[in-house]
1. CYS163 versus (1) in a loop (DSSP other than H, G, I, E, B); (2) buried (at least 23 other Cβ atoms within 10 Å of the Cβ); (3) hydrophobic (A, V, I, L, M, F, W, C): which is the lone unmet condition?
2. Looking at (1) under 21 Å from ILE67 (Cβ atoms); (2) in contact with a Cys (Cβ under 6 Å, 6 or more places away or on another chain); (3) not β-branched (Val, Ile, Thr), can you tell me which one HIS134 breaks?
3. Give the residue, chosen from ALA150, ALA100, that is part of a loop (DSSP other than H, G, I, E, B), surrounded by 21 or more Cβ atoms within 10 Å (Cβ to Cβ) and within 17 Å of the chain's Cα centre (by Cα).
4. Do any residues in the range 52-71 that are within 20 Å of ARG135 (Cα to Cα) and acidic (Asp, Glu) have Cβ atoms under 7 Å from those of residues that are open to solvent by less than 70 Å² (accessible area, probe 1.4 Å) and part of a strand (DSSP E or B), where the two are at least six apart or on different chains, and which pairs are they?
5. Considering only residues of the range 136-146 that are part of a helix (DSSP H, G or I) and under 22 Å from GLY76 (Cα atoms), which is most open to solvent (accessible area, probe 1.4 Å)?
6. Go through (1) at negative phi; (2) outside any helix (DSSP H, G or I); (3) among the small types (Gly, Ala, Ser) and name the single condition GLY112 misses.
7. Taking the residues in the range 11-57 that are modelled with pLDDT of 95 or more and hydroxyl-bearing (Ser, Thr, Tyr) as candidates, determine which candidate is surrounded by the fewest Cβ atoms within 10 Å (Cβ to Cβ).
8. Can you tell me which residue within the range 172-206, out of those that are open to solvent by less than 20 Å² (accessible area, probe 1.4 Å) and part of a helix (DSSP H, G or I), is nearest to ASP142 (Cα to Cα)?
Amino acid sequence: MENPTESKDRSNRKYILECCVDSVESALQAEKGGADRLELCSNLVIGGTTPTRALFLQIREHTDIPIHVLLRPRFGDFLYTDQELCIIAREIDMFREAGAEGIVIGCLKPDGCLDVEAMNSLIDHAGQMKITLHRAFDMCVDPFRTLELAKSLGIHTILTSGCQPSCLQGIDLIRQLDQCSEGLISIMAGAGIQENSAKILKEKTNITAFHMSGKRIRESGMQFRNPSVSMGLPGLGEYEIWETDAAAVAAVRKILY
C-alpha cells in the first residue's frame, strides 16, 4: 500500500516534459501539445544529429520555448576523434551565441567509461547553458559510476532508458538512478514515452522529467514519384515524413499534471 506521505509528495511535484524535434513544424506541434522545452536535432530518424543554426533561428522566430540543442556530429557510437570534438566545441559556441538555453552531449572512451576529459572541455564552452548527458549514458559500461562522474561534472540532466531498449524495460534502473541522484541531477526517462508509459513511470518512480518525440507519419505531398530511384535509407518510406503530433504530446502532458 502506498505511503500517504509519498502520495502527497508526488502530487506536489512539477513535471518537465521535453519533446525531441527536428523541424519547425514539429517544434510548433510540441509547444501546442504542452511541452515545456525542446530538444532540437536533425535526422531524428537515425537517432538525431546536430541541427543547423538556421533551423534553430527559424524555430526561435516562432516560439520562445526553451531549446536544448543536441550536438552529435554523426550517426553511430560516441567515441569521438579530436577533430569531431573540435566540431562539437565550435557548435556549442555557435548555439550559445544564438541563444540556446542548453546543450545535449555525450562522449565515451573505448572501454565504455564516460570520457570525463572531453566532457569537461565541452562543458567549459557551454558557459551558463544547461547540460544534458544524452543516451550515450545507456551505452556506458557502469551506469552508477557514470552517474557519479556526471554529478562531479555539474551536469544537470541524464537522459536514459535505463540502459534498455525502452524506458519501461529499464524502469528498475531508472528508479535506482533517481534514488542515487540525491537530488543533484535530474534523471529524465526517454525511449518509448507515451501516455501509458508516462502513467506507469509516474506511479512507480519518483522521476519528474520525461522525454518524448510524439511522432506520427505524414504522407508526402509529392504527386510524381519515380519508382526507380530512392534517396532515403533502406526500409524507410521515401515519401513518409516523421512529425511530432500535438495530440500525442498533450496526452502525456495530461498525465504529468
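The values are calculated or read from the model by the stated rules, or taken from the named source; none is laboratory data. Model, not experiment: these values are computed from the prediction. Cβ coordinates were reconstructed from backbone atoms using ideal geometry, including for glycine residues, and neighbour counts include every protein chain displayed. Only protein heavy atoms, including side chains, enter the accessible area calculation; ligands, DNA and RNA are left aside. Shrake-Rupley method; radii C 1.70, N 1.55, O 1.52, S 1.80 Å.
1. Here CYS163 meets the rest and fails (2).
2. Here HIS134 clears every test but (2).
3. Details: ALA150 fails: part of a loop (DSSP other than H, G, I, E, B).
Just one listed residue meets the conditions, ALA100.
4. none
5. Keep residues of the range 136-146 that are part of a helix (DSSP H, G or I), which gives 136-139, 143-146.
Next, from what is left, pick out any that are under 22 Å from GLY76 (Cα atoms): 136-139, 143, 146.
Numbers: ALA136: 0, PHE137: 2, ASP138: 19, MET139: 130, PRO143: 22, THR146: 5 Å².
It comes out as MET139.
6. Against the list (1) at negative phi; (2) outside any helix (DSSP H, G or I); (3) among the small types (Gly, Ala, Ser), GLY112 comes up short only on (1).
7. THR52
8. Keep residues of the range 172-206 that are open to solvent by less than 20 Å² (accessible area, probe 1.4 Å), which gives 174, 177, 181, 185, 187-190, 193, 197-198, 201, 205.
Adding the requirement that they be part of a helix (DSSP H, G or I) leaves 174, 177, 181, 197-198, 201.
Details: ILE174: 14, LEU177: 12, SER181: 15, SER197: 25, ALA198: 26, LEU201: 23 Å.
This residue is LEU177.
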